[in-house]
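Below is one structure; the comments refer to it alone.
The values are calculated or read from the model by the stated rules, or taken from the named source; none is laboratory data. What you are looking at is a predicted structure, and each value in this text was computed from that prediction instead of being measured. As a convention, Cβ positions derive from the backbone with ideal geometry for all residues, glycine included, and neighbour counts pool all protein chains shown.
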Amino acid sequence: MPPYAESVTFDSVRGRASAGWVSRTPSIVDRLRTADSGRVPFSVEFSPPRDAAAEARLWRAVREFERMGPAFVSMTYGAGGSTRDRTVRVTGQLAEETTLLPVAHLTAVGHSVDELRSLVGAYADRGIRNILVLRGDPPGDPLGEWQKHPHGVEYADELVRLIRNLGDFHVGVASFPEGHHRSPDLDHDTKFLVNKLRAGAEYSITQMFFDVEHYLRLRDRVAACDPEQGVKPIIPEIMPITSLRSVRKMVELSGSVLPAELEARLADAAGDGPDENRAAVRAVGIEVATRMGERLIAEGAPGLHFITLNFARATSEVLANLGLAATRV
Ligand SMILES: Cc1cc2nc3c(=O)[nH]c(=O)nc-3n(C[C@H](O)[C@H](O)[C@H](O)COP(=O)(O)OP(=O)(O)OC[C@H]3O[C@@H](n4cnc5c(N)ncnc54)[C@H](O)[C@@H]3O)c2cc1C
């Protein structure tokens, strides 16, 4: 059992819920609904810092985004032990030491059901009631064979049910505009997403994509499969590209496709030298993310969720181009 699981028990979570304890923490759906009228809400994704220097950088980004008024911020859940401890601690600090509304990602990888309950309890103790529920990928090789923990869960919909039964939690799930790489086809992929929504998820956040048509088709597929679930927000995830090398790696691991035309544009900007021309790649990345944001807003997306890699600059430029950032000082 990981150390963060020791102090909190399932009963502490259930006890509060059964005593009629009701969270005053807003849900993500509430936040999207009550965002400034006339301005589409945005949110940002952080990842757990690996060391003290990375943690300092994360906090610089957190404070910059705090001034821009995101609807919520999410913190990914790492694959390894010490990163996981840090994730829980830093997400707790986001809840306690900032004005931001944090969403904790939680994956089933390597956890028994008891450990998952304890983790949810650890988040609840820090006032975190919004959880993005994921199955996760096999550690080491994310594209390798999935191994269920002997006392864990097989698919994310089971974890959605588990958390909803623990008490007053607001749950989101992942969706995949191009289909998840383990799904046999898009129809199955849609059915499995709808299962997660029926299990109690209130919204989904998509995998990153670079062709807005994929997002629009996903939205249509979900609405056609189950009109009742089809009204739940599908929040598109945008990654402003700042490095060709890193986007190639991320695309490979995520199962998304970098369209050939965009890749050629980025390669052209990167140049032939040993070090890519980051400024030129970044300029293309920001322009592409801005165009995607404009189209998604025009198509009625409920919000825009940005992968930040714990840097504020690229995302804030896109937000400025889209006129989405609040101007607090
Ligand atoms: C927005 C977002 C955030 C993410 N954050 C993290 C993170 O913080 N940490 C991390 O490690 N990973 C993260 N991921 C990656 C995610 O964990 C992987 O993509 C994982 O492989 C799928 O997770 P899932 O929750 O969609 O799984 P599931 O919904 O369980 O699906 C897993 C696979 O099984 C299939 N499936 C589902 N139900 C059934 C069924 N009943 N029968 C047969 N097949 C089924 C699905 O189609 C899919 O192919 C994130 C992904 C997204 C889109």
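Within segment 161-186, take every residue that is surrounded by 24 or more Cβ atoms within 10 Å (Cβ to Cβ) and within 7 Å of the ligand (Cβ to nearest atom) and give me the one that is nearest to ASP211 (Cα to Cα).
If we take residues in segment 161-186 being surrounded by 24 or more Cβ atoms within 10 Å (Cβ to Cβ) and within 7 Å of the ligand (Cβ to nearest atom), then SER175 is nearest to ASP211 (Cα to Cα).
List the residue pairs whose Cβ atoms are under 6 Å apart, where the first residue sits in segment 178-190 and is more than 18 Å from GLU237 (Cα to Cα), the second is loosely packed, with under 15 Cβ neighbours inside 10 Å and hydrophobic (A, V, I, L, M, F, W, C), and the two are 6 or more positions apart or on different chains.
Between residues of segment 178-190 that are more than 18 Å from GLU237 (Cα to Cα) and residues that are loosely packed, with under 15 Cβ neighbours inside 10 Å and hydrophobic (A, V, I, L, M, F, W, C), there is no close pair.
Please name all residue pairs, on different chains or six or more residues apart, with Cβ atoms under 6 Å, provided the first residue is in segment 130-143 and is closer than 14 Å to ALA108 by Cα and the second residue is surrounded by fewer than 18 Cβ atoms within 10 Å (Cβ to Cβ) and modelled with pLDDT under 95.
Listed pairs, sorted by first residue: PRO138/GLY144; PRO138/TRP146; PRO139/ALA79; PRO142/LEU253.
Mind listing just one residue for me: the one in segment 120-151 that is within 9 Å of the ligand (Cβ to nearest atom) and closer than 16 Å to LEU166 by Cβ and, of those, surrounded by the fewest Cβ atoms within 10 Å (Cβ to Cβ)?
LEU132
Give segment 194-246 a look and list any residue that's among the β-branched types (Val, Ile, Thr) and touching a residue at least 24 places away in the same chain (Cβ under 8 Å), or say none. Walk me through how you get there before you give the answer.
Pass one, segment 194-246, residues among the β-branched types (Val, Ile, Thr): 194, 205-206, 212, 222, 231, 234-235, 238, 241-242.
VAL194, ILE205, THR206, VAL212, VAL222, ILE234, ILE235, ILE238, ILE241, THR242 - these are the residues of segment 194-246 that are among the β-branched types (Val, Ile, Thr) and touching a residue at least 24 places away in the same chain (Cβ under 8 Å).
Which members of segment 298-318 meet the condition of being farther than 11 Å from PHE65 by Cβ and in a loop (DSSP other than H, G, I, E, B)?
GLU299, GLY300, ALA301, PRO302, GLY303, LEU309
Please go through segment 206-235 and pick out each residue that is under 24 Å from LEU253 (Cβ atoms), outside any loop (DSSP other than H, G, I, E, B) and either among the β-branched types (Val, Ile, Thr) or within 11 Å of the ligand (Cβ to nearest atom) (or both).
Across segment 206-235, the qualifying residues are THR206, VAL212, ILE234, ILE235.
Restricting to segment 55-75, give me the number of residues that are within 16 Å of the ligand (Cβ to nearest atom) and of a type in the set (A, V, I, L, M). Give the derivation first.
Here is the first cut: in segment 55-75, the residues within 16 Å of the ligand (Cβ to nearest atom) are 58, 70-75.
From what's left, of a type in the set (A, V, I, L, M): 58, 71, 73, 75.
Residues flagged as within 16 Å of the ligand (Cβ to nearest atom) and of a type in the set (A, V, I, L, M) within segment 55-75 amount to 4.
The rows are residues; the columns are (1) away from the ligand (no atom under 12 Å from the Cβ); (2) over 19 Å from GLY172 (Cβ atoms); (3) surrounded by fewer than 20 Cβ atoms within 10 Å (Cβ to Cβ); (4) in contact (Cβ under 8 Å) with a residue 40 or more places away in the chain.
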position	(1), (2), (3), (4)
TYR77	no, no, no, yes
THR87	no, no, no, no
THR91	no, no, no, no
GLU97	yes, yes, yes, no
LEU106	no, no, no, yes
GLU115	yes, yes, yes, yes
SER118	yes, yes, no, yes
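Return the residue satisfying two criteria in turn: it lies in segment 76-108 and is of a type in the set (Gly, Ala, Ser) and within 17 Å of LEU132 (Cα to Cα), and of such residues it is nearest to the chain's Cα centre (by Cα). Explain how you work it out, then say what you get.
First, pick out the residues of segment 76-108 that are of a type in the set (Gly, Ala, Ser): 78-82, 92, 95, 104, 108.
Subset that is within 17 Å of LEU132 (Cα to Cα): 78-79, 92, 95, 104, 108.
Working: GLY78: 12, ALA79: 15, GLY92: 17, ALA95: 17, ALA104: 9, ALA108: 15 Å.
Looking at residues that are of a type in the set (Gly, Ala, Ser) and within 17 Å of LEU132 (Cα to Cα), I get ALA104.
Looking at PRO259, is it crowded, with 22+ Cβ neighbours inside 10 Å and under 24 Å from ALA283 (Cβ atoms)? Walk me through it before giving the result.
Values: crowded, with 22+ Cβ neighbours inside 10 Å: no; under 24 Å from ALA283 (Cβ atoms): yes.
Here the answer is no, as PRO259 does not meet what is asked.
Of the residues that sit in segment 228-264 and are among the hydroxyl-bearing types (Ser, Thr, Tyr) and under 29 Å from VAL29 (Cβ atoms), which one is modelled with the highest pLDDT?
First, the residues of segment 228-264 that are among the hydroxyl-bearing types (Ser, Thr, Tyr): 242-243, 246, 254, 256.
Applying the additional criterion that residues be under 29 Å from VAL29 (Cβ atoms) yields 254, 256.
Numbers: SER254: 87, SER256: 90.
Residue satisfying both the conditions and the ranking: SER256.
Is it true that GLU276 is out of contact with any Pro (no Cβ under 6 Å at 6 or more places or on another chain), part of a helix (DSSP H, G or I) and among the acidic types (Asp, Glu)?
Values: out of contact with any Pro (no Cβ under 6 Å at 6 or more places or on another chain): yes; part of a helix (DSSP H, G or I): no; among the acidic types (Asp, Glu): yes.
Answer is no for this residue.
Working only within segment 244-256, note down all residues that are within 15 Å of the ligand (Cβ to nearest atom), surrounded by 16 or more Cβ atoms within 10 Å (Cβ to Cβ) and of a type in the set (A, V, I, L, M). Spell out the reasoning first.
We begin by selecting, within segment 244-256, every residue within 15 Å of the ligand (Cβ to nearest atom); these are 249-256.
The next check asks that each one be surrounded by 16 or more Cβ atoms within 10 Å (Cβ to Cβ); those that pass are 250-251, 254-256.
Within segment 244-256, MET250, VAL251 qualify.
Does ILE241 meet the test of being of a type in the set (A, V, I, L, M, F, W, C), crowded, with 21+ Cβ neighbours inside 10 Å, within 19 Å of the chain's Cα centre (by Cα) and more than 21 Å from ALA71 (Cα to Cα)? Step through it out loud before you land on a result.
Working: of a type in the set (A, V, I, L, M, F, W, C): yes; crowded, with 21+ Cβ neighbours inside 10 Å: yes; within 19 Å of the chain's Cα centre (by Cα): yes; more than 21 Å from ALA71 (Cα to Cα): yes.
So ILE241 passes the test.
Yes/no matrix, rows are residues, columns are (1) of a type in the set (Gly, Ala, Ser); (2) touching a Ser or Thr at 6+ places or on another chain (Cβ under 7 Å); (3) surrounded by fewer than 21 Cβ atoms within 10 Å (Cβ to Cβ):
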| position | (1), (2), (3) |
| --- | --- |
| ALA270 | yes, no, yes |
| PRO274 | no, no, yes |
| ALA280 | yes, no, yes |
| GLU287 | no, no, yes |
| GLY293 | yes, no, no |
| GLU299 | no, no, yes |
| HIS305 | no, yes, no |
| ARG313 | no, no, yes |
| ASN321 | no, yes, yes |
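How many of the residues in segment 187-205 are within 6 Å of the ligand (Cβ to nearest atom) and assigned to a strand (DSSP E or B)?
Summing the residues that are within 6 Å of the ligand (Cβ to nearest atom) and assigned to a strand (DSSP E or B) in segment 187-205 gives 1.
If a residue must be of a type in the set (Gly, Ala, Ser) and closer than 23 Å to PHE306 by Cα, how many such residues does segment 156-211 contain?
Quick first cut of segment 156-211, residues of a type in the set (Gly, Ala, Ser) only: 156, 167, 172, 174-175, 179, 183, 199-201, 204.
Filter again for closer than 23 Å to PHE306 by Cα, leaving 156, 172, 174-175, 179, 201, 204.
Selection size over segment 156-211: 7.
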